[in-house]
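Bear in mind these aren't lab numbers, they're just calculated from the coordinates by the rules spelled out. What you see is a predicted model; the values in this text were computed from it and never measured. All Cβ positions, glycine included, derive from the backbone under ideal geometry; neighbour counts span all protein chains shown.
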Amino acid sequence: MTCMDRTGRKIKQDKNQNRILKYLYTTIPGRILLSILIKPEISKVCGVVLNSGLSKIFIKKFIKANNIDMKQYENVEYTSYNAFFTRKIKSEYRKIDMNKNHLISPCDSKLSVYKITENAEFKIKDTIYTLETLLRSKKIASKYKDGTLLLFRLTVDDYHRYCYIDSGDKSKNYHIKGLFHTVNPIANTVVPVYKENTREFSLLKSDNFGNIIIMEVGALLVGKIINYDEKLHVDRGKEKGRFEFGGSTIIICLTKDRALIDTDIMNNSMNYIETVVKMGEKIGIQKI
């Protein structure tokens, strides 16, 4: 998908991640490898390695490959690759728009906007969901009919911490375990794959935008969602959590007529173009 910044400039994207995923999901050798990689014991080993001091050797190469300006981040010594991946940015580089009438982005990402119709389907990390299957709750999904779904796609070069988009009362976290199924990759030329990524969501009874669904979707392999809070009152702009290694996604669902999304973002979405947004920046306004 094409990607643009808020000025309308086309952004060049690193396609290596997509090439790797395409290889894993669409070729027989790739699917054999994937069936090994998703085993819990392999995932645990990967997690141990990325949290170990040995993984520090990957940091400099990653910074160079992704042109990351480390002056924007807190000056600390990283003890592992995961410690670097979840690095914290200096507050002056991510100003939170505190205007209560402004809808803000929860994270740095590439944003797409969708209308939640009765038969709407959403492609999230190469899996097709309805809102009901995404939440695994018909009751909750029904309350968002004709509302708006905001899909924030993070890539490995993005800042992987995220914040609350409004003040309000937050529910507990609902965790949905990921699933992965394949048939025998040797016996079939085309191997059917069905997967659901691990995800976690909560409900925010917000001060200015009604009842909001906030969902984090983790990477299929070693990615991990870390949310800090259970049920409590939260403040706009407070850090909500972080993702450990892997590309990830945040989904925001608004009920009908709660917000008007900025024109540039809507125009891009209607033309299948993602819009680059930063944590805390305005992406819409409250609908009065």
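One table, with the values for the structure above:
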item	result
Among 126, 229, 69: highest mean-square fluctuation, GNM of the chain, C-alpha pairs under 10 Å	69
Ratio Rg/Rh, restricted to the range 73-134 and using Cα atoms, in which Rh is the Kirkwood radius	1.12
Along each principal axis, Cα extent of the chain, largest first, Å	57, 47, 40
Helix-only mean residue ellipticity at 222 nm for the chain, each DSSP H run of n ≥ 4 adding -39500 (n - 2.57), per residue, nearest 500	-5500 deg cm²/dmol
For the chain, built as a Gaussian network whose Cα springs stay under 10 Å, the top-fluctuating residue of 217, 276, 48	48
Label point distance in nm, residue 272-residue 130, each placed 7 Å from Cα along Cα→Cβ	2.4 nm
Calculated Rg and Dmax of the range 240-288 using C-alpha coordinates, Å	13.0, 40
Length added when fully stretched, residue 115-residue 79, from 0.36 nm per residue minus Cα-Cα	8.7 nm
Spin-label zone in the range 150-182 - amide nitrogen under 12 Å from a point set 7 Å from the Cα of residue 205 along the C-beta vector	168-172
Most mobile listed residue (64, 256, 90) in the chain, GNM with C-alpha springs under 10 Å	64
For the range 116-136 and the range 265-286, distance of Cα centres in Å	20 Å
Whole-number D in µm²/s for the range 90-176 (Stokes-Einstein; Kirkwood sum over Cα pairs; 10 °C, 1.306 mPa s)	105 µm²/s
Sequence of 88, 195 once ranked by neighbouring C-beta atoms within 10 Å, starting from the fewest	88, 195
